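**Student:** Next up is a structure, given as structure tokens.
Each value in this text was obtained by applying a stated rule to the coordinates, not by laboratory testing. What you see is a predicted model; the values in this text were computed from it and never measured. Heads up, the Cβs are rebuilt from the backbone with ideal geometry, glycines too, and the neighbour counts pull from every protein chain shown.
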Amino acid sequence: MTPSRNEAQTRIEIIDSQLAHAGWSRNRKTLVEEFLLRTAEPDSAYGNEQFADYILLGSDGKPIALVEAKRSSRDELAGKRQAADYADAIKAKFGNDPFIFLTNGKEIQLWDRERYVPRKVSGFYTRDDLERLRHQRQFAQSLGSVTINADIAGRDYQNEAIRRITEGVDTAKRKFLLVMATGTGKTRTTIALVDTLLRSKRMQRVLFLADRRELVRQAMSEFKSHLPNESLARIESGETSGARIQLSTYPSMMQVYSRLSVGYYDLIVADESHRSIYQRYKAIFDHFDAIQLGLTATPTDYIDHNTFELFDCGDGAPSYYYSYEQAIADKNLVNYRVLDAQTSFQLQGIQGDALPEPLKQMARDQGVEVDELNFDGSDIEKGIINQGTNDAMVREFMDKSRKDVRGLPHKSIIFAVSHAHAKRLYESFNRLYPELQRQGMAEIIDSHMERADATLDDFKYRAMPRVAISVDMLDTGVDVPAIQNLVFAKPVFSKVKFWQMIGRGTRLHTDKATGEIKKDFLIIDHWKNFAYFKLKPDGEVDHPSEPLPVRLLRLQLEKWQLLHAQQQDTQTAIADLRAMLQALPRGSINVRPHWDELDALAQQWPAPSQSAIEHLSQTIAPLMRLAPLAGLDELQFRIWCERLTVAWLKGDAAELAKVRERIQEAVGSLAENIPQVQRVAEQRAWVQSAGF
């Protein structure tokens, strides 16, 4: 048995080096040992002259903290009253209440008497840390008196979440867990909270942690947008920073945390806080003595009990909870509908929600949680990687997905099993819909692809790509409100991950070009994931919509029919129809069966019988959504022109007046300094005249 050290040995062998590591030493004149203190009134038991073990000096040369040391075998708290008496004597002499460190060499406790009870810390604070703490203690305002910036987070529930935390901070609480459904503005709420804490001078340096680079990049962009005057930095490649707000992935922080002092941060925000994060990166949270805020979108029923304990929510109640169901009821999020895919897979051996042993073994072999399983090379991947299966999945997506007015799928994510699976799905899109793929409709966005961040930005902010085929990279945290289709092309075994994936589609959205409001979104489930989690969601309902290219052809068919009935010349109308059909992509899987018929129509246009018109309208016209036609504005204008002609032929004065007004408004809005517009000035003048 190792003999315990006495107090002198403990100080020489352990505490001196711990203090030196934090920058405290006699040589630097930052530390005084055996500091003589005289109390105002002689105490019969201890006398009026006493010696503090260590006094730590601020940059002004005055005591900023004291260290009360005990031998390694004693409880570090044993000297608490003794240290308090020393602190009283220092306060009486120098006018400021020093911070107190209680230690036995093995454990260190920090006591900020004005604000907190003693708490364990992993090491001694540096002088800079203590002076920052003293500044906060001296100048911080009560958080209740600081207004929350409504421009950052103005919703009632966001304000309530912030107030719950600021009230907790004012009452000396140091750990918080915020549970808010994906899409309700966790990041904005956090930014408004950080802004409130910084303006109150309650905190001066904040660390925001996320588990992937894209989420850090996204958060950085939001912080810059809402707090443009704050100093911001991203911790990467082993570099550290002195910025007031710092953002990092967990792995990047693991590279540098040991070089940073214990008190370096005042607040650490941990995005998507759940057990696996804390198991893998616990060292970060053990090292820093900061207030901790955990963020998660996982419903409380699915949060691991250990996560609640990590944030001192022992009763299973987070600091604040805003559920998905409540957000839907408040019209802050949209609900989902589920289509059980015809191309479906069922894992053998699943009973209820119990995992089959091969999957448990996969998780053990990979040393990960079930939600982080890698399916590369697995039997699951091999079972779905054949061409026929993936072709069927892509065709079903193109047939059933929610589409916009041009007939193209709304923004969509396909969650693939592996990169190899994502590649096969991409190849299916190329083979079946080459004309749409030339426009870049579907792209792979995962960690295997170079410049995936740039492709993701295109997916977020540009018209193309419409479909992101992803492996893990887009499962969590990525904010694309326009998403209206999610495809579960892989099995999901973690409730946490399952809800994170659903959260990709829940945000509100209004299409700026058309004014279309997203009311809900579609999930196409190929793996019976909802049955696995014992959920019975609403099924998909028909969304009868007529894409603009289809509408245009049907209007041209109606015009042709009316001209023929009125015995007027139909040659121009037939030429327009043939030009539309020539734009159809011959390589498309949907167009191929109609090759012979399209060739016949190009040679000889039929007489306008009822059966011919119905066939063209119901069978051929829907193919027009696949044609690479003009932009939205041009399509809409052409439709107005056809509606005008049809109304004139029908003698519909009300429709004629309505459409004429729209055409005149569109023509009048054209910029006159553009050469192409100047060349048609005469025609524009005629359209805008009373005689049009």
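**Student:** Tell me, how many Å apart are the Cα centres for segment 138-199 and for segment 616-692?
**Tutor:** 52 Å
**Student:** Next up: Calculate, in nm to one decimal, what Ala681 and Ala602 gain on full extension: separation in residues at 0.36 nm each, minus their alpha carbon distance. List each step's numbers first, then the result.
**Tutor:** On the way: separation 79, 0.36 × 79 = 28.44 nm, distance 3.54 nm.
24.9 nm is the gain from fully extending Ala681 to Ala602.
**Student:** Moving on. If you average the C-alpha positions of segment 206-227 and of segment 72-121 separately, how far apart do those two centres end up, in angstrom?
**Tutor:** Cα centroid of segment 206-227 versus Cα centroid of segment 72-121: 37 Å apart.
**Student:** Ranked highest first by average number of other Cβ atoms within 10 Å, how do 581-593, 97-109, 422-434 line up? Before the final figure, lay out the partial values.
**Tutor:** Values: 581-593: 15.5, 97-109: 21.7, 422-434: 19.9.
In descending order of packing, they fall as 97-109, 422-434, 581-593.
**Student:** For the chain, build the charge dipole from Cβ charges (+1 Lys, Arg; -1 Asp, Glu) around the Cα centre, then report which of Val687, Ile469, Leu102 sits farthest towards its positive end.
**Tutor:** Towards the positive end, the residue furthest out is Leu102.
**Student:** Of the listed pairs Lys29/Lys91; Lys224/Lys518; Lys186/Lys518, which have alpha-carbon separations greater than 24 Å here?
**Tutor:** Numbers: Lys29/Lys91 21 Å; Lys224/Lys518 28 Å; Lys186/Lys518 21 Å.
Check vs 24 Å cut-off fails for Lys224/Lys518.
**Student:** While we're on this one: Cut-off under 22 Å on the C-alpha distance; same-chain residues fewer than 8 positions from Lys423 excluded. Which lysines are left, in chain and number order?
**Tutor:** Lys382, Lys400, Lys411, Lys460, Lys490
**Student:** Just want the answer: with Cβ charges of +1 for Lys and Arg and -1 for Asp and Glu, which residue in Leu644, Met501, Ala65 is farthest toward the dipole's positive end in the chain?
**Tutor:** With unit charges placed on the Cβ atoms, the residue in question is Ala65.
**Student:** Also, I was wondering about something else. When the dipole is taken about the Cα centre of segment 7-139, and only Lys, Arg (+1) and Asp, Glu (-1) are charged at their Cβ, what size is it in debye, to the nearest 20? Before the final figure, lay out the partial values.
**Tutor:** On the way: 22 positive and 22 negative charges, 68 e Å.
My answer is approximately 320 debye.
**Student:** Out of Leu635, Val591, Gln567, whose Cα points farthest toward the positive end of the dipole of segment 548-651 (charges: +1 Lys, Arg; -1 Asp, Glu; placed on Cβ)?
**Tutor:** Leu635
**Student:** Assign unit charges at the C-beta atoms only (+1 for Lys and Arg, -1 for Asp and Glu), then state the dipole size of segment 548-651 relative to its Cα centre in Debye, rounded to the nearest 20.
**Tutor:** Values: 10 positive and 10 negative charges, 43 e Å.
It comes to approximately 200 debye.
**Student:** Going by the alpha-carbon gyration tensor, a ≥ b ≥ c the square roots of its eigenvalues, is segment 99-142 rounded (a/c under 1.5) or, if a/c is not under 1.5, prolate (a/b greater than b/c) versus oblate? Write down the numbers at each step before the final one.
**Tutor:** Numbers: a/c = 3.21, a/b = 1.74, b/c = 1.85.
Oblate is the answer for segment 99-142, as a/c is 1.5 or above yet b/c matches or exceeds a/b.
**Student:** Which shape class, rounded, prolate or oblate, goes with the chain when its Cα gyration tensor gives a ≥ b ≥ c as root eigenvalues, a/c under 1.5 marks rounded, and past that a/b bigger than b/c marks prolate?
**Tutor:** On the way: a/c = 3.46, a/b = 2.29, b/c = 1.51.
Prolate.
**Student:** Could you sort the peptides 557-567, 494-504 by per-residue average Cβ neighbour count (10 Å cutoff), highest mean leading?
**Tutor:** Details: 557-567: 16.3, 494-504: 22.0.
My ranking of the peptides, most packed first, is 494-504, 557-567.
**Student:** While we're looking at this one, here's another question. How high is the relative contact order of the chain, in percent, counting Cα pairs under 8 Å that sit 6 or more residues apart? Show your work: numbers first, answer last.
**Tutor:** Working: 1117 pairs, mean separation 63.4, N = 692.
9 percent.
**Student:** I've got another one for you. For the chain, what is the mean residue ellipticity at 222 nm derived from helices alone (per DSSP H run of n ≥ 4: -39500 (n - 2.57); sum divided by total residues; nearest 500 deg cm²/dmol)? All intermediate terms of the calculation are to be shown ahead of the outcome.
**Tutor:** Details: 27 runs with 274 residues, N = 692.
Mean residue ellipticity at 222 nm (helix-derived): -11500 deg cm²/dmol.
**Student:** Only bridges with both residues in the chain count here: give the DSSP antiparallel percent, nearest 5.
**Tutor:** Details: 21 of 73 bridges.
Roughly 30 percent of the DSSP beta bridges within the chain come out antiparallel.
**Student:** Dipole of the chain, Cα-centred, from +1 at each Lys and Arg C-beta and -1 at each Asp and Glu C-beta, to the nearest 20 debye? Let's see the in-between values first.
**Tutor:** Details: 90 positive and 95 negative charges, 166 e Å.
Using Cβ point charges on Lys, Arg, Asp and Glu, the chain gives about 800 debye.
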